[in-house]
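A.B. asks: I am attaching a structure below and will ask some questions about it afterwards.
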C-alpha cells in the first residue's frame, strides 16, 4: 500500500460540533505541527457592491487582535520560529500555521484571537485598503492577470459568484468602510462552517477541545447566492482585445466553462488538461507552440474547479507579431484532441503524473494537512485516491475525446488578447 491509499487509516475525521470538522494526522517522526483550516466566507459570499471585502478582511486578520497589536503579534511568532498566514479564496478564507509542537498552545491562542477577535483598527484598514488598491492596479497592468479577470466575465454566467476577481476593483475597494469589515466578520466569518486539518505531533484532545471552544457551532447550510441561472446559461464564443500600448509582450488566453470539483466529468477533464498543458514541460501546447514553432515564451493550460463551478484556460505569452499564428496553433491542438483520441501512452503518463503529484504532496506534514483539508472541503472522502485509481482504470482515450468535444467545442471557447495594439487582421 502507498501513502495515498492508506489515508483512511492515517487520518481521523472528527465532527467537533455542527458545522465544525477536524482532520487529524498524527506523526511522531519530527516534533512539528502543521495546521490548515478554512471558513466558508470567501469572495463568493461578499456583497456584489462590496467586491474586495473578503480580501480586505483576510488581510486584516494578521494585523492584530483585541489583545495583541500587529507588531506584538509578529514578535510573538518570530520568538518561537512559527508562522501564520491567511488567504482569501473563491469559496473560503483559509489559514495555515506551522510551529514546533512545543509551542502549540501559543499558536492556537494567537489563531483564536485572529479569527474571533481581530482588532480591525481604523489605521490598519486604511493602510490595507491602500495596499489592496495598489495590488488592483498592478493586477490590471499585468497582461496575464488582466486577461484572466476579463475571461472570467465571459466564462461564468451573470451574477455567478466566481465572475469577479477576488481583489475587486479600485472603486469598490474605496467604498469599503470599517463597519463593512466588522459586519462581515460578525455575520460571515463568525457563523460559516469551519474545516480544520492538523498534521504532525499534537494531542488529539487538546486540538479538538480548542476547535470546539474557538468556533462553537456553525451553520452548515451557508451557501453563496447568485448562481441559480447557471444551468440555463449558454456561453458563446467571443474574442476581445485589451490594449496595453506600453507592453512588449502579448498574452493569449483561450478559455471555456469547466465543471465543479465533484462533477462526474472532472477526472477526465483533468487528465485531458494534463496532456494539453502539463506533461513533459508544458504539455502538447508547450511542445507545439513553444518548443517546435518557437512562437511563445510560454504556452500551457490549467483547470480550475471549485465547489460552484470551474473553468479551463489555455495561456501563451508571445511577441505581439506572433499572436495570430500562435492562436492558430493553439486552436489546431484543441481541434486535434477533439477529433483524434490521445494515445494510450499519453493517457497512462497523465494518470501517473496525477498519482505521483499526490504522493509528493503527502510527503510533508504541510502537504498532508492541505490534502486532508481539500478532501474534506469537497466532501470527497479520505478514500478518494483509492476511488480515483479505480476510476482511472476505466478511463480510455475515447473518454477524453468525448469531454474534449463537450467542453472544448469552438462554440464555447472565448479568446482574450492582452498587449500592444494588434493589426486589424489579428484582432478579428
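What follows draws every value from the coordinates through simple rules; no lab data is involved. On a predicted model such as this, the values are computed, not experimentally measured, just so you know. Cβ placement follows ideal geometry from the backbone for every residue including glycine, while neighbour counts extend to all protein chains displayed.
A.B. asks: Between residue 245 and residue 352, take the C-beta separation as r, use R0 = 60 Å, and let me know the FRET efficiency to the nearest 0.05.
C.D. replies: Efficiency for this residue pair is about 0.85.
A.B. asks: Order by neighbour count: 32, 134, fewest other Cβ atoms within 10 Å first, most last.
C.D. replies: Ordered by Cβ neighbours within 10 Å, fewest first: 134, 32.
A.B. asks: If you don't mind, another one. Using Cβ contacts closer than 10 Å as the measure, can you line up 281, 198, 86 from fewest to most?
C.D. replies: 281, 86, 198
A.B. asks: Continuing with this model, one more query. Can you put 330, 133 in order of Cβ neighbours within 10 angstrom, beginning with the fewest?
C.D. replies: Sorted ascending by nearby Cβ count, the order is 133, 330.
A.B. asks: Two decimals is fine: what's Rg over Rh for region 1-154, C-alpha atoms, Kirkwood radius as Rh?
C.D. replies: 1.02
A.B. asks: Could you bin all the Cα-Cα distances of the chain into 20 Å bins starting at 0 and give me the percent of pairs in each, rounded to whole numbers?
C.D. replies: With 20 Å bins starting at 0, P(r) equals 24, 54, 22, 0.
A.B. asks: Which semi-axis lengths, in whole Å and largest first, follow from the square roots of five times the eigenvalues of the Cα gyration tensor of region 234-427?
C.D. replies: In descending order, the three semi-axes are 31, 18, 17 Å.
A.B. asks: Still on this structure, I have one more. What whole number of Å gives the distance from the Cα centroid of region 250-272 to the Cα centroid of region 10-39?
C.D. replies: Here the answer is 30 Å between Cα centres.
A.B. asks: Looking only at 44, 54, 74, which one moves most when the chain is put into a Gaussian network model with springs between Cα atoms under 10 Å?
C.D. replies: Sorting by GNM fluctuation, first place goes to 74.
A.B. asks: Sorted from largest to smallest, which semi-axis lengths in Å does the alpha carbon gyration tensor of region 82-142 give for its equivalent ellipsoid, taking the root of 5 times each eigenvalue?
C.D. replies: 28, 15, 11
A.B. asks: Assuming 0.36 nm per residue, please report the length gained on full extension of the stretch residue 263 to residue 359 beyond their Cα-Cα distance.
C.D. replies: Here the segment from residue 263 to residue 359 would lengthen by 32.3 nm.
A.B. asks: Applying 1/(1 + (r/R0)^6) with R0 = 22 Å to the Cβ-Cβ distance of residue 144 and residue 83, what FRET efficiency is obtained, to the nearest 0.05?
C.D. replies: 0.20
A.B. asks: Moving on. Could you work out how far helix 323-339 tilts from the main Cα principal axis of the chain, as a 0 to 90 degree angle to the nearest 10?
C.D. replies: Rounded to the nearest ten degrees, it is 90.
A.B. asks: Stokes-Einstein diffusion coefficient for region 20-103 at 20 °C in a medium of 1.002 mPa s, Rh from the Kirkwood formula over Cα pairs: what value in µm²/s?
C.D. replies: The diffusion coefficient I find is 148 µm²/s.
A.B. asks: If each residue of separation counts as 0.36 nm, what is the full-extension length gain between residue 236 and residue 221 once their alpha-carbon separation is subtracted?
C.D. replies: Contour length minus Cα-Cα distance gives 2.1 nm.
A.B. asks: So how tilted is helix 122-140 from the main axis of the chain? Cα-based, degrees 0 to 90, rounded to 10.
C.D. replies: It is inclined by approximately 10 degrees.
A.B. asks: If you line up the long axis of helix 143-155 against the longest principal axis of the chain, both from Cα atoms, how many degrees apart are they, to the nearest 10?
C.D. replies: 90
A.B. asks: Same structure, new question: List the relative contact order of the chain as a percent without decimals, with contacts defined as Cα pairs under 8 Å and 6+ residues apart.
C.D. replies: In percent, rounded to a whole number, it is 23.
A.B. asks: For region 105-177, what does the relative contact order come out to in percent, with C-alpha contacts under 8 Å and a separation of six or more?
C.D. replies: That works out to 31 percent.
A.B. asks: Arranged from highest to lowest average of other beta-carbon atoms within 10 Å per residue, in what order do the peptides 173-182, 90-99 appear?
C.D. replies: My ranking of the peptides, most packed first, is 90-99, 173-182.
A.B. asks: Using a 10 Å cut-off on Cβ atoms, rank the peptides 256-268, 389-401, 307-319, 146-158 from the highest mean neighbour count down.
C.D. replies: 307-319, 146-158, 256-268, 389-401
A.B. asks: Taking region 369-423 on its own, what percent of its Cα-Cα pair distances exceed 17 Å?
C.D. replies: Counting pairs separated by more than 17 Å, the tail of P(r) holds 66 percent.
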